[in-house]
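Data block below; observations after.
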Amino acid sequence: MQKRKIGNLEVSAIGMGCMGFSHGYGKTPPKEYAIDSIRSAYDFGCDFFDTAEGYGKEMFYAGHNEEIVGEALQGIRKNVLLATKFHLSNEEGKKNLYETIKSHLLESMKRLKTDYVDLYYWHRINETIALEEVAQAIAKLIKDGLIRGWGLSQVGVKYIDIAHKITPLSAVQNIYSMMERECEKEVFPYCLQNNIAVVPFSPLASGFLSGKVTTSTKFEGDDVRKFVPQLSKENINANQPLLELITQYANEKNSTPAQISLAWMLHKYSNCIPIPGSKNKERILENLGAWNVDLSDSEFNALQNAIDNITIHGHRGIEETQQNGFGNNWKNENFKKYKE
């Protein structure tokens, strides 16, 4: 798989979001299966793996996903780029931010079985904490050699610009797909101009663009898709024209709808490094295989024109904070019956 740049680091053009082994898609597979899937992705050519300290807290405990990723990457840690994320509570914002963020980082590194993190994201901006002060604290952690680069997630250009001018960002991780294109307005242009990678999560629109999600699909436990706007039953039906379009291209290119979706964004932006996630090893390898799907300029232009003329039903958006974010949907959920 060819490489792309995250700051001054090189990674495979498609990474792997590991969240699904701990959170986000209901019942999780056994840990051994998760570890084998991550190693299989590495053997396939993926060297960019994404996790977070919070993945697993709904169904298991905070840090659950980092533990799985750390165990899977033992022995090959130096060959991969490892990304994780931290949260800051309101109370933590009143303390020494350097020491507070460092304590989060050290706990993550312990679970990940590593002595440094390549890419460290502030998972969601906390509106009670000054971004400028967080950026200054991160600069010290970079100087300490504990992290190699940093990023923000679910942010618009206003926050990106504030952070980047203090401690240059390596990456922005926002939701982006054929169905969520808000990043195209300002985020991609700014990041291209400033050598910042854009790392789309949910590049397959929570599975809709794979063609595997239908109105009969049941979303149980902590499955994020019960809250995804495009995946209400009425919107699944209304968004079928887009799926029909990419299925047509997939048939012509001897590929899959998911691969066409990923090939489209790779062709469109040179700084785009999607991290599709799945808890199914077959789907993971299928997604990574999108790099082998070559869209000619004429094919891409025709596809882009067709997409532009399709109305998408349902929108989440990219600007979220800890106070006003998608994750707040889980506050009143009861997951105990799904943990067994």
Cross-chain or 6+ apart pairs with Cβ under 7 Å, the range 309-329 first and loosely packed, with under 13 Cβ neighbours inside 10 Å, then charged (D, E, K, R) and part of a loop (DSSP other than H, G, I, E, B):
GLN323/GLU127
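Looking at SER108, is it touching a residue at least 12 places away in the same chain (Cβ under 8 Å), open to solvent by less than 30 Å² (accessible area, probe 1.4 Å) and of a type outside the set (A, V, I, L, M, F, W, C)?
Numbers: touching a residue at least 12 places away in the same chain (Cβ under 8 Å): yes; open to solvent by less than 30 Å² (accessible area, probe 1.4 Å): yes; of a type outside the set (A, V, I, L, M, F, W, C): yes.
It is true that SER108 is touching a residue at least 12 places away in the same chain (Cβ under 8 Å), open to solvent by less than 30 Å² (accessible area, probe 1.4 Å) and of a type outside the set (A, V, I, L, M, F, W, C).
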Can you find a residue in the range 183-190 that is farther than 15 Å from GLY317 by Cβ and either open to solvent by 40 Å² or more (accessible area, probe 1.4 Å) or within 16 Å of the chain's Cα centre (by Cα) (or both)?
yes
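Out of the residues in the range 214-238 meeting the condition of being over 18 Å from CYS18 (Cβ atoms) and under 19 Å from the mean Cα position of the chain (by Cα), tell me which one is surrounded by the most Cβ atoms within 10 Å (Cβ to Cβ).
Residues of the range 214-238 that are over 18 Å from CYS18 (Cβ atoms), as a first pass: 214-220, 226-238.
Still in the list and also under 19 Å from the mean Cα position of the chain (by Cα): 226-231.
Numbers: LYS226: 15, PHE227: 17, VAL228: 25, PRO229: 15, GLN230: 23, LEU231: 23.
Here the residue is VAL228.
Among the residues of the range 190-244, which ones are part of a loop (DSSP other than H, G, I, E, B), more than 30 Å from ARG4 (Cβ to Cβ) and of a type in the set (A, V, I, L, M, F, W, C)? Lay out the reasoning, then the answer.
Of the range 190-244, the ones part of a loop (DSSP other than H, G, I, E, B) are 194-196, 199-200, 202-207, 211-223, 227-228, 232, 239.
Going one step further and asking which of them are more than 30 Å from ARG4 (Cβ to Cβ), we end up with 214-223, 227, 232.
Answer for the range 190-244, where residues must be part of a loop (DSSP other than H, G, I, E, B), more than 30 Å from ARG4 (Cβ to Cβ) and of a type in the set (A, V, I, L, M, F, W, C): PHE219, PHE227.
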Residues of the range 14-48 being in a loop (DSSP other than H, G, I, E, B) and open to solvent by less than 40 Å² (accessible area, probe 1.4 Å), in sequence order, are ILE14, GLY15, CYS18, SER22, HIS23, GLY24, GLY26, THR28, PRO29, GLY45, CYS46, ASP47
In the range 105-160, which residues are assigned to a strand (DSSP E or B) and closer than 23 Å to ASN328 by Cα?
TYR120, TYR121, TRP122, ILE125, GLY151, LEU152, SER153
Quick check on my filter: what residues within the range 213-253 are out of contact with any helix residue (DSSP H, G or I) (no Cβ under 7 Å at 6 or more places or on another chain), over 20 Å from GLY317 (Cβ atoms), in contact (Cβ under 8 Å) with a residue 24 or more places away in the chain and among the hydroxyl-bearing types (Ser, Thr, Tyr)?
none
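The values are calculated or read from the model by the stated rules, or taken from the named source; none is laboratory data. If you're wondering where the values come from, they're calculated on a predicted model, not measured in any experiment. Counting neighbours? That spans all protein chains shown, and the Cβs are built from the backbone with ideal geometry, glycine included. These accessible areas exclude ligands, DNA and RNA; they are computed on the full protein's heavy atoms, side chains included. Shrake-Rupley method; radii C 1.70, N 1.55, O 1.52, S 1.80 Å.
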